[in-house]
Amino acid sequence: MNHLPPVSVLRRVARLLVLGVACGVAALAQAQGRYPERPVKVVVALPAGGSVDAVARLVSQKLADDLGQPFVVDNKAGASGQIGMPQVARAAPDGYTLAVSPASFLTTNKSIFKSLPYDPEADFAPVAKLVNQSMVLVVRDKSRLGTLTEVLSAARANPGKLTYASSGDGSPQHLAGLLFESRAKVKLLHVPYKGGAPAITDLMAGTVDMVFAPLPEALPHIKAGKLHPVGVLSEKRSPILPDVPTLREGGVDGLVLSAWIGVLAPARTPPAIVERLNKAVRAVLTGDARAKLVDLGMEPALDDPKSLKQTISDDIRIHAELVRAAGLVPQ
């Protein structure tokens, strides 16, 4: 006996299903069109006070002004990003949890650690690169290591004794130290901290000998006369520090490194929300915040999500080669 419903009933059910799906899609599109409707959390996996935190707070304030909702910075420091970054990776992909991250948490970490509690490429939706930062080798003011020649002499006289601080394993400071060891053929002692600010603080206190610092973290202390710049890790001298030589000028070639900062959302965040955020970020970086970032020693960047995704992929490969060349064994 045939118990199937009449064709007319099936057609009616099909129409209702199609209507339901259409309404759902329309509701989702409408919700995305209104984004954001509530405060947005911006996770920084580093302590307050460093350059990443400074950029996150400046950009968050400008985004709040532009988009009409608070963008609240939440510092989740420790373990070279392995506390804060997984929180963003596991968050709902709705645009209400973002990460402002240094490049190292997305690139170098893949080579420094045997395993990570997040996948830098699969777990995030890149939104935009915010800034590029030059790196500078700094020592305490009136240090015995005032020139690159003095740094090299001290390192060669006491292999493994000269200390450099960083914001953690795999950080730009750490990678710069590895590059320095490789290019200058010296051995240093790495002292990791939970962020750039405490590393700089201990340098000024004399606890460590030097830091390969992102320029924005060191610049205020250089201007105040508390830190002395030995050299910049760039092709050319920085227009911000025109009297400071490059390390290449000091006799160590191949020491070119910059540290970028980007903003990311959890993977599977709707493209419309990612695009809205990217557009808002670009407006911030071309607005009055631009002059402030330049004053801090940063170069505002204007990347789209696709370009940042490619940068992350390329840097993972390049940094892996550098780490292998330095002979560093993943932890």
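The values are calculated or read from the model by the stated rules, or taken from the named source; none is laboratory data. The structure presented is a predicted model; accordingly, all values stated were derived computationally and were not measured. Here the Cβ is made from the backbone with ideal geometry for all residues, glycine too, and neighbour counts use every protein chain on show. Side chains included, ligands, DNA and RNA excluded: accessible areas come from the protein's heavy atoms. Shrake-Rupley method; radii C 1.70, N 1.55, O 1.52, S 1.80 Å.
Observations on the structure shown:
- Extension gain, residue 226 to residue 318: 0.36 nm times the residue separation minus the Cα-Cα distance gives 29.7 nm.
- The calculated P(r) of the chain, using every Cα pair and 20 Å bins from 0, goes 31, 49, 14, 5, 1 in percent.
- Size descriptor for region 90-168, Kirkwood hydrodynamic radius: 16.5 Å (Cα pairs only, one decimal).
- Size-normalised alpha-carbon gyration radius of region 188-296, reference 2.2 N^0.38 Å: 1.35
- Most tightly packed first, judged by the mean number of other beta-carbon atoms within 10 Å of their residues, the peptides 256-265, 293-302 read 256-265, 293-302.
- Scaling the Cα radius of gyration of region 219-262 by the globular reference 2.2 N^0.38 Å produces a ratio of 1.22.
- In this structure, residue 202 and residue 288 have a Cβ-Cβ separation that, at R0 = 45 Å, corresponds to a calculated FRET efficiency of about 0.85.
- Accessible-area composition of region 65-194, carbon plus sulfur, in percent [1.4 Å probe]: 49 percent
- The stretch between residue 156 and residue 185 holds 9.6 nm of extra length on full extension. This uses 0.36 nm per residue minus the Cα-Cα distance.
- Highest-MSF residue in the chain out of 52, 100, 151 [GNM, Cα springs under 10 Å]: 151
- Taking the DSSP bridge list for the chain and keeping only pairs wholly inside it, about 65 percent are antiparallel.
- Members of 187/306; 279/309; 76/129; 41/129; 187/226; 41/110 lying beyond 28 Å, as alpha-carbon distances in this model show: 187/306
- Accessible area expressed per residue, the chain, with surrounding protein chains retained (probe 1.4 Å, Å²): 46 Å²
- Candidates 223, 279, 129, ranked by Gaussian network fluctuation over the chain, Cα under 10 Å, top entry: 223
- Rounded to the nearest 20 debye, the dipole magnitude of region 144-295 is 220 debye, with +1 charges on Lys and Arg beta carbons, -1 on Asp and Glu beta carbons, and the Cα centre as origin.
- About the Cα centre, charge dipole magnitude for the chain (Lys/Arg +1, Asp/Glu -1 at Cβ), debye: 580 debye
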